[in-house]
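Okay, structure first, notes after.
The values are calculated or read from the model by the stated rules, or taken from the named source; none is laboratory data. Please read these numbers as outputs of a predicted model, since none were measured by experiment. Here the Cβ is made from the backbone with ideal geometry for all residues, glycine too, and neighbour counts use every protein chain on show.
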Amino acid sequence: IGHTPAGVLSKKCFSRKFEKHFYVPPRLRDASGELVDSVNDWHFAMINDENRNEFYFQLLQHYIIPEKTKVIEIGAGSGILSMMAASLGAKSVLAIEGSLDMARLARINIQKSNFAYKIKVVNAMSTDVQIKDYPDFLPADVLVSEMFGTLLLGESALDYISDILSRRMLTQNVVLPRFGAQYAFLIDCPHVESISSVHSYRGIDLSAINDLRDTASVVFTKQYGFRLNSVPFKMLSKPIRIFEVDFAKDRPGFLPLISTREVVIQESGSCSAIVLFWSAYEYIEEKRFQMSTNPEETLHNFCRDMQWGQAIQLVEFEGAIASSSSLSSHVNAGEIIEMVQRVSHDSVLLQFGLRRL
Ligand SMILES: C[S@@+](CC[C@H](N)C(=O)[O-])C[C@H]1O[C@@H](n2cnc3c(N)ncnc32)[C@H](O)[C@@H]1O
């Protein structure tokens, strides 16, 4: 499976990052360096995203029948979702966590919250958990997980969930959340161009460096060091739904490796980048419950904006000769262009291309 979470494979101690004369608090010395980095990078912000927590609480509340429902969680992390399930009356909860240090933390949190009698934390990748080893917990009735990256399938959520389903670890296919959709839209953003291309300085021509402009990778705005919502940008197209996924039915490989669609330009401008966001959702009595990384929704949710934010890919029209010139990316309102979507075999990587029709 494409994505292995932080702290599962690498056991390198955090303290090895520093020379001996640097001070490292004792609580951090033996912890996995990769895990400390990821907790500080996104776990704190993720756990404090109250809207995210509420989304899961409402789904679990709807599906858990007190003292009857058995729950399995893939990727328990701090244990927060498993503890929600226990607090809502789940009969039992099997909380699977691949990282040893994270699993230890989950056990401490669970003990402190007095849920140890209901929740069993297993330190293993979900793919290594066998139904026969946990007869009191499996098969479960509800599977809950939050393994979404800045890209919806970027942390192999579909692969891990479908592995559990294919091994009949669930009585009915109740997967929370059940659905997801990935979206893309085009933006004109001089700020993005200012950190991803050069012109000239006082007649000194520096444009050769533009040949190294990476228009092939989808990156997280956080890696560039900014939040999309912290810079002005103009939307050149409406959000385009590039795929939908039913986590209870779709299987890895459900997306074609390459596909194309036509996009109508809504506003004229210089097409700087493609922005990607997703929604995860569920219908309860015809009401839609959702959490999303749509910049409109993350604008007033600082934790989500910082933790997931959005992904962007710099634009270059495929086949364009003067590829480094921003003029070559100008689009006009009403113009129809072709968007090419490429997906890696494990669905972890996406790539987009634009073509003039
Ligand atoms: C995004 S965090 C979510 C943590 C927690 N469930 C929450 O909602 O706050 C995902 C966690 O899942 C773990 N993980 C991801 N895929 C896994 C898998 N297939 N098996 C076990 N653990 C996994 C990672 O180590 C990480 O701690």
Among (1) more than 16 Å from the ligand (Cβ to nearest atom); (2) part of a helix (DSSP H, G or I); (3) not hydroxyl-bearing (Ser, Thr, Tyr), there is one condition Pro135 misses while meeting the rest; what is its number? (2)
Among residues of segment 86-101, those that are within 11 Å of the ligand (Cβ to nearest atom), in contact with a helix residue (DSSP H, G or I) (Cβ under 7 Å, 6 or more places away or on another chain) and of a type in the set (A, V, I, L, M, F, W, C), counted: 2
Give the residue, chosen from Ala333, Ala320, that is modelled with pLDDT of 95 or more and either not β-branched (Val, Ile, Thr) or not assigned by TED's automatic domain parsing to the domain that holds Glu244 (or both). Ala333
Output for Cβ contacts, cut-off 6 Å, separation at least six or different chains, first residue within 15 Å of Leu59 (Cβ to Cβ) and in contact (Cβ under 8 Å) with a residue 24 or more places away in the chain in segment 79-99, second small (Gly, Ala, Ser) and near the ligand (Cβ under 8 Å from one of its atoms), reads Ser82/Ala76; Val93/Ser82
When residues of segment 112-128 are filtered for being of a type in the set (A, V, I, L, M) and in contact (Cβ under 8 Å) with a residue 40 or more places away in the chain, how many remain? 3
Tell me, yes or no, whether segment 54-70 has at least one residue that is among the β-branched types (Val, Ile, Thr), more than 10 Å from the ligand (Cβ to nearest atom), not in a loop (DSSP other than H, G, I, E, B) and not assigned by TED's automatic domain parsing to the domain that holds Gln290. no
Within segment 12-49, take every residue that is over 19 Å from Gln223 (Cβ atoms) and touching a residue at least 60 places away in the same chain (Cβ under 8 Å) and give me the one that is farthest from the ligand (Cβ to nearest atom). Ala31
Would you be able to tell me the number of residues in segment 149-195 that are surrounded by 20 or more Cβ atoms within 10 Å (Cβ to Cβ), more than 25 Å from Met84 (Cβ to Cβ) and of a type in the set (Val, Ile, Thr)? 2
Among the strands (runs of 3 or more DSSP E) lying completely within segment 148-260, list those that include at least 3 residues that are of a type in the set (Val, Ile, Thr) and touching a strand residue (DSSP E or B) at 6+ places or on another chain (Cβ under 6 Å). 170-176, 240-246
Testing Arg104 on (1) touching a helix residue (DSSP H, G or I) at 6+ places or on another chain (Cβ under 9 Å); (2) without any contact (Cβ under 8 Å) to a residue 40 or more places away in the chain, one condition comes back false. Which one is that? (1)
